[in-house]
Amino acid sequence: MKTKIVHVNELNNEDIYEEAAMTLRSGGLVAFPTETVYGIGAYAMDSAVVKKIYVAKGRPSDNPLIVHVGSKEDVYQYVSEVPEVAKTLMDAFWPGPLTLIFKKNGTVPEAITGGLDTVAIRVPSHPVARGIIHASGLPIAAPSANLSGKPSPTIAKHVIEDLEGRVDMIVDGGDSDIGLESTVLDVTQKIPMILRPGGITKEMLLSIIPEVVYDPHLMNAASDETPRAPGMKYRHYAPEGNLEVIRGSGAGVIEYINHAIEKANKDGLKTGVIATREDHAHYRCDIVLTIGSKDDPGEIAGNLFRLLREMDEHEVDVIFIRAFSEEAIGTATMNRLMKAAGNRYISIE
């Protein structure tokens, strides 16, 4: 398959949106930016087309997909009911990085839902995503535009590396704003349940509705249960090198990492560190990439996937990273980081 790569600019946006829409309407795959990460899109209501996504990504078929629509009014075409709490959340956070899980109706194919009786839907806010959805007039299934298991792409370069030759079209619309996938919230529960943390934090949700809980299995990537939302079951976001997450406070963490770097280097392994701006100078390693300030969790979240991929470019064997604060969007950052590390970490007192 030959992949057409186009770049959005102020002069030709509408033409690009229409070309992408035509590709989608004809059953093709289009990768495009959203405010969270880049997505690989297909017409959501055609099972044969949706299956192309699984093939292109190498994605397990029981991992459900998110349906992206143009407005909250579109939701009613695909669900059997919209709870009042969902209406409140849609008014507050759409368009934006919040995915809601509803009971589906008979129009939604099993290829989208992984065999579940629910469907995940969101309205993206990124202008390119919105332009393509509106031009196509279709609901678009759009998981992250990467090979399954690799870090999600936040820049077009990484989409091209993974998917050129696997999709019909890649739309380069610049960097994603948030850098982590959307929050997934199950509103079919008596108390809305966060199945995947993201840019809309628990605190933000609680400012609008009275109760929200986390799925108790949120961090369990090894579960044999059928995943209820994208990214719940399988290992995700993993770089090629072994990722070592170190939890702890104080200088002991840095000292531990420096000793581990020295030992790995003696064993002939190439090492790298992903560090906050405050800790950067303290590591004795040739490759130290700065993820952002410890006081800016949004900056850290936005850089995580990109830096994991940069470590692959450096062909690093072992990557060391100190765990981050789990306040606000830090919950989502640590969720992705732990999945990338296979839910393994080292605790330093």
Selection from the range 232-244 of residues that are at pLDDT below 90, buried (at least 20 other Cβ atoms within 10 Å of the Cβ) and closer than 12 Å to Lys150 by Cα: His236, Tyr237
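Results for (1) in a helix (DSSP H, G or I); (2) among the charged types (D, E, K, R), shown as yes or no for each residue.
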| residue | (1), (2) |
| --- | --- |
| Ala281 | yes, no |
| Thr290 | no, no |
| Leu304 | yes, no |
| Glu310 | yes, yes |
| Val316 | no, no |
| Phe320 | no, no |
| Glu327 | no, yes |
| Lys339 | yes, yes |
The range 145-175, subset among the small types (Gly, Ala, Ser), within 21 Å of Tyr43 (Cα to Cα) and surrounded by fewer than 18 Cβ atoms within 10 Å (Cβ to Cβ), residue modelled with the highest pLDDT: Gly165
Taking Thr118, is it in contact (Cβ under 8 Å) with a residue 24 or more places away in the chain, of a type outside the set (Gly, Ala, Ser) and under 19 Å from Lys190 (Cβ atoms)? yes
Is one or more of the residues making up the range 78-95 closer than 27 Å to Glu19 by Cα, among the β-branched types (Val, Ile, Thr) and buried (at least 19 other Cβ atoms within 10 Å of the Cβ)? no
Taking the range 98-108 only, how many residues are touching a residue at least 12 places away in the same chain (Cβ under 8 Å) and farther than 20 Å from Gln189 by Cβ? 1
Does the range 184-195 contain any residue that is modelled with pLDDT under 95, of a type in the set (A, V, I, L, M, F, W, C) and crowded, with 20+ Cβ neighbours inside 10 Å? no
For the range 198-214, does any single residue satisfy the condition of being modelled with pLDDT of 95 or more, of a type outside the set (D, E, K, R), closer than 21 Å to Val49 by Cα and in contact with a Leu (Cβ under 9 Å, 6 or more places away or on another chain)? no
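Identify the residue in the range 3-32 that is surrounded by 13 or more Cβ atoms within 10 Å (Cβ to Cβ) and more than 23 Å from Val49 (Cβ to Cβ) and, among all such residues, is farthest from the chain's Cα centre (by Cα). Write out each step before concluding.
Taking the range 3-32 and keeping what is surrounded by 13 or more Cβ atoms within 10 Å (Cβ to Cβ), we get 3-6, 8, 13, 16-25, 27-32.
Next, only the ones that are more than 23 Å from Val49 (Cβ to Cβ) stay: 8, 13.
Numbers: Val8: 22, Asn13: 25 Å.
If we take residues in the range 3-32 being surrounded by 13 or more Cβ atoms within 10 Å (Cβ to Cβ) and more than 23 Å from Val49 (Cβ to Cβ), then Asn13 is farthest from the chain's Cα centre (by Cα).
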Take the range 146-176 and flag every residue that is more than 18 Å from Arg59 (Cα to Cα) and within 12 Å of the chain's Cα centre (by Cα). Thr154, Ser176
Given (1) farther than 27 Å from Gly58 by Cβ; (2) surrounded by 14 or more Cβ atoms within 10 Å (Cβ to Cβ), number of the condition Ser347 does not satisfy: (2)
Where the second residue is open to solvent by less than 40 Å² (accessible area, probe 1.4 Å) and in a strand (DSSP E or B) and the first is over 15 Å from Trp94 (Cα atoms) and touching a residue at least 40 places away in the same chain (Cβ under 8 Å) and lies in the range 171-185, which pairs have Cβ atoms under 6 Å and are six or more apart or on separate chains? Val171/Val6; Val171/Phe32; Gly173/Pro33; Ser176/Pro33
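The values are calculated or read from the model by the stated rules, or taken from the named source; none is laboratory data. Computed from a predicted structure; not experimentally measured. For neighbour counting, all protein chains shown are included, and Cβ atoms are generated from backbone atoms with ideal geometry for every residue, glycine included. For accessibility, only protein heavy atoms count, side chains too; no ligands or nucleic acids. Shrake-Rupley method; radii C 1.70, N 1.55, O 1.52, S 1.80 Å.
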